[in-house]
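Asker: Supplied in structure tokens, the structure appears directly below.
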Amino acid sequence: MQTIFALATARGKSGVAVIRISGPDAHEVAGRLAGDLPGPGRFALRKLRDAGGALLDEALVLRFDAPHSFTGENTFELQIHGSLAAIRVVEAALAATGLARMAEPGEFTRRALMNGNLDLAQVEGLSDLIAAETEAQLRQAQGLFTGKMREFADMCRADLVRAAALIEATIDFADEEVPVDVSPEVGMLIGRVLVSIDQQLNGFSGAARLRHGFEVAIIGEPNVGKSTLLNRIAGREIAITSDIAGTTRDVLEVRVDLNGLPVTFLDTAGLRDSDDAVEKIGIARARDRALAADLRVVLLDGLQPDHGFDPGVPIDLRYKTKADLTGDGVSGLTGQGVDQVLADVSAALADRVTDLPVASHERHRQALVAARACLSEAKATFEDGATGAEIIALHLRDGARALDSLIGRMDVEAILGEIFAQFCIGK
């Protein structure tokens, strides 16, 4: 592999910028700029100079020798001053050595995968960790990154290997009497793995929603205070508010961190019968987004008698508005009752993220579904007893391979490009 380098921190003005160098010529490349290098696992302050001896910057040089580095290769980190000029001249000097090139997006992490420092699920966890916006997303990403998917896959695989070994023993000794009836243990092992897979699949929807964020639709008739409530939640003027019915035509969004949960609140067009062609489009969009949302908050006009308003979509939470005029309910104008609305929304969504599985990517779901199909076939064939043990063993091996794909124990080259395209350069 070629030696690569890249800025590992955000490009722009900052106190410190970190430039990472990794590969077979990392020592030579770092030495040409820093001169005398620190020992393995050590760090030192050095003046960086170009090939002509001109001072580039003063840097803290950190050394990580293979395999004790993130990539598993010889690696150096140059912690320089975070000015645009300092970053530019140091990168130019590294490229001028002719021994290193600029890294591609995700290339450091890809090398960590290829060198066995990370498995595929940990790579996805690292990507999620970088993208995490809230505490709950951070905890979810850390679960993947710290190897919980590997723990799950290894546990299931151990049961399937044991079951396959027992089944194959009956094949190997077909003409002899097997001293112990293996049927009870085989059935127990297959059943245990199926239960574990079902737990992952049953909680997948909530885990995926947490990863991408929840949507909460604010719906109701025109002029009940939907846009005013959205503005209060956002803390700024997101939506236009007026006394004219039908002001909101499109769906407006504001994303917030709600007690650690990523939540997007949707302000929708007022639901009513209308002859206005444009407003009718907005109303249709409002209903579609409300149906697709994770939670629906219906607002009712506190100044009007309750006439049994039916939004045509499921209702999760319901509040009366204009408390600034009635003294009761919610007012986006004064903030009365808004904290209670947010608390109710938070509680409703928090119930969906308790005891979530580690599987949170569509790739995980597909692998689990494939494994479940193979093991269900194995279980049915085993219980039927009419088909040979060879078929059961084949289904078990196929199920194990599907589970192995969760962490990249099989050929996954086809999906690597898609995964690493989401990474930034320098990671």
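Asker: Got a number for residues in the stretch 383-406 being aliphatic (A, V, I, L, M), part of a loop (DSSP other than H, G, I, E, B) and buried (at least 18 other Cβ atoms within 10 Å of the Cβ)? Before the answer, list the steps.
Answerer: Taking the stretch 383-406 first, the residues aliphatic (A, V, I, L, M) are 386, 389, 391-394, 396, 400, 402-403, 406.
With part of a loop (DSSP other than H, G, I, E, B) added as a condition, the list becomes 386, 406.
This time we only want the ones that are buried (at least 18 other Cβ atoms within 10 Å of the Cβ), so: 406.
Qualifying residue count for the region: 1.
Asker: With 63, 101, 88 as the choices, which residue is farther than 30 Å from residue 125 by Cα and either in the same structural domain as residue 145 (by TED's automatic domain parsing) or charged (D, E, K, R) (or both)?
Answerer: 88
Asker: How many residues are of a type in the set (D, E, K, R), in a strand (DSSP E or B) and within 12 Å of residue 41 (Cβ to Cβ) if we restrict to the stretch 60-91?
Answerer: To start, the set of residues in the stretch 60-91 that are of a type in the set (D, E, K, R) comprises 63, 65, 73, 77, 88, 91.
Those left that are additionally in a strand (DSSP E or B): 63, 77.
Then drop every residue that is not within 12 Å of residue 41 (Cβ to Cβ), which leaves 63.
Count: 1.
Asker: Determine whether residue 28 is under 30 Å from residue 119 (Cβ atoms) and out of contact with any Asp or Glu (no Cβ under 9 Å at 6 or more places or on another chain).
Answerer: no
Asker: Could you identify the single residue in 96, 158, 165 that is modelled with pLDDT of 95 or more and of a type outside the set (S, T, N, Q)?
Answerer: 96
Asker: Another one. Looking only at the stretch 198-233, which residues are of a type in the set (A, V, I, L, M, F, W, C) and assigned to a helix (DSSP H, G or I)?
Answerer: Result: 201, 204, 207, 208, 210, 229, 230, 233.
Asker: What is the one condition in (1) touching a strand residue (DSSP E or B) at 6+ places or on another chain (Cβ under 7 Å); (2) over 30 Å from residue 50 (Cβ atoms); (3) not aromatic (Phe, Trp, Tyr) that residue 75 does not satisfy?
Answerer: Unmet condition: (2).
Asker: If a residue has to be hydrophobic (A, V, I, L, M, F, W, C) and either closer than 16 Å to residue 427 by Cα or in contact (Cβ under 8 Å) with a residue 60 or more places away in the chain (or both) to count, how many in the stretch 65-77 make the cut?
Answerer: 2
Asker: So, restricting to helices (runs of 4 or more DSSP H) that lie completely within the stretch 259-365, which ones have at least 2 residues that are out of contact with any Leu (no Cβ under 7 Å at 6 or more places or on another chain) and charged (D, E, K, R)?
Answerer: Ranges flagged: 277-292.
Asker: Now for a different question. Would you please name the residue that is surrounded by the most Cβ atoms within 10 Å (Cβ to Cβ), looking only at residues in the stretch 241-285 that are modelled with pLDDT under 70 and in contact with a Ser or Thr (Cβ under 6 Å, 6 or more places away or on another chain)?
Answerer: Ranking the qualifying residues of the stretch 241-285, first place goes to 248.
Asker: Could you tell me which of the residues 323, 343, 393, 389 is at pLDDT 90 or above and small (Gly, Ala, Ser)?
Answerer: Going through 323, 343, 393, 389 in turn, the sole match is 343.
For every residue, the table says whether it meets (1) surrounded by fewer than 20 Cβ atoms within 10 Å (Cβ to Cβ); (2) under 30 Å from residue 202 (Cα atoms); (3) among the acidic types (Asp, Glu).
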position: 290; (1), (2), (3): no, yes, no
position: 293; (1), (2), (3): no, yes, no
position: 304; (1), (2), (3): yes, no, no
position: 318; (1), (2), (3): yes, yes, no
position: 321; (1), (2), (3): no, no, no
position: 338; (1), (2), (3): yes, no, no
position: 347; (1), (2), (3): yes, yes, no
position: 359; (1), (2), (3): no, yes, no
position: 368; (1), (2), (3): no, yes, no
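Asker: Being touching a residue at least 12 places away in the same chain (Cβ under 8 Å) and in a loop (DSSP other than H, G, I, E, B) narrows it down to one of 10, 51, 30, 44, so name that one.
Answerer: So the residue among 10, 51, 30, 44 that is touching a residue at least 12 places away in the same chain (Cβ under 8 Å) and in a loop (DSSP other than H, G, I, E, B) is 51.
Asker: Being polar (S, T, N, Q) and crowded, with 23+ Cβ neighbours inside 10 Å is the filter here; which residues of the stretch 179-222 pass it?
Answerer: The answer is 200, and nothing else.
Asker: State which residue is nearest to the chain's Cα centre (by Cα) when the search covers only the stretch 104-130 and only residues that are surrounded by fewer than 20 Cβ atoms within 10 Å (Cβ to Cβ) and without any contact (Cβ under 8 Å) to a residue 60 or more places away in the chain.
Answerer: The qualifying residue nearest to the chain's Cα centre (by Cα) is 129.
The values are calculated or read from the model by the stated rules, or taken from the named source; none is laboratory data. Being a predicted model, the structure only gives us computed values, none of them experimental. Cβ sites come from the backbone with ideal geometry, for glycine too, and all protein chains shown count toward neighbours.
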